[in-house]
Amino acid sequence: MMGKKYTDSVKLIEKNRLYDPSEALSLVCQTSKAKFDETIEVHVRLGVDSRHADQQVRGAVVLPNGTGKTLKVLVFAKGDNVQKALDAGADYAGGPEYAEKIQQENWFDFDVVIASPDMMGVIGRLGKVLGPKGLMPSPKAGTVTPDVAKAVTEAKAGKIEYRLDKTNIIHCPIGKASFGEAKLQENFDTLLGAIIKAKPAAAKGQYIKSCVVASTMGPGIKINQSKLS
């Protein structure tokens, strides 16, 4: 049974209509009626096949207005890099002791993992636990880097990673309902711009199949994908 707030929100949306991005973002703020500040998410279905290596779409982008969420950052580093990471705002920084904590205590009190290249031997053993949670650092996302301090600063500033799931959809947060339409629009444009730029050469036909925005508890609002190129 859907709650009254949800049904009221649904009434504001025309079922089969494709909205311009600005209208959709204005509506998503109106339909966000929960007692907490809801996260606004974008779901983009792409005309690629994620099973093929040459059709992967993955990367990272710093949202101009951040995500509205304070992320906890864990950095795997050694030597001077440990202090550099902590000075840049990392919540945790160190080496094998954190790998052991994750493996033995099932510890996951962090949202982002960053590693310096010389720690990949330690990180490699964590692939089975970090991978399924989408936490495995990668050079493509800028989370395996010699400049750990810069990566920490970007993560704290609202850097998000986008990647295809098995159904060829990218799911990403673009902020909170309290941001309002203008800030959400800036974040939306930045994310979509990055996804469009990341189009694989092997992708044929229509690249953006569909695009939907929704708040945590609200209904999805379809965006006219022809306005996104």
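For region 15-32 and region 99-130, what is the separation of their C-alpha centers, rounded to whole Å? So the two Cα centres are separated by 39 Å.
Ranking request for peptides 135-141, 101-107: highest mean number of other beta-carbon atoms within 10 Å first, then the rest in descending order. Don't skip to the end; give the middle numbers.
Details: 135-141: 17.7, 101-107: 12.1.
Packing proxy ranking, top to bottom: 135-141, 101-107.
The length gained by stretching the chain between Gln206 and Lys69 to full extension, at 0.36 nm per residue less their Cα-Cα distance, is 46.0 nm.
Placing a label point 7 Å from the Cα of Thr216 along the Cα-to-Cβ direction, the residues of region 158-194 with a backbone N closer than 16 Å are 172-180.
Please give the per residue accessible area of the chain, computed with a probe of 1.4 Å over protein heavy atoms only, in Å².
Normalised by residue count, the accessible surface of the chain is 51 Å².
Its relative contact order, with pairs defined as Cα atoms under 8 Å and 6+ residues apart, puts the chain at 40 percent.
Are any of the pairs Lys33/Lys199; Lys128/Lys150; Lys69/Lys227 more than 31 Å apart by Cα-Cα distance, and if so, which? Flagged as over cut-off: Lys33/Lys199. Full extension of the chain between Asp37 and Asp189 gives 52.6 nm of extra length, using 0.36 nm per residue less the Cα-Cα distance.
Seen from all directions on average, the chain presents a Cα convex hull projection of 14.0 nm². Length gained on full extension, Lys101 to Lys227: 40.6 nm, using 0.36 nm per residue less the C-alpha separation.
Think of it as helices only: each DSSP H run of n ≥ 4 in the chain is worth -39500 (n - 2.57), and spread over all residues that comes to -9000 deg cm²/dmol at 222 nm. Here r is the Cβ-Cβ distance between Ser22 and Val62 and R0 is 22 Å; the resulting FRET efficiency, rounded to 0.05, is 0.50.
Surface composition of region 183-222: carbon and sulfur atoms hold 57% of the protein heavy-atom accessible area at a 1.4 Å probe.
The values are calculated or read from the model by the stated rules, or taken from the named source; none is laboratory data. Small disclaimer: the values here were computed from a predicted structure and weren't measured. Note: ideal-geometry Cβ built from the backbone for every residue, glycine included; neighbour counts use all protein chains shown. The area values use the complete protein model at the heavy-atom level, side chains included, leaving out ligands, DNA and RNA. Shrake-Rupley method; radii C 1.70, N 1.55, O 1.52, S 1.80 Å.
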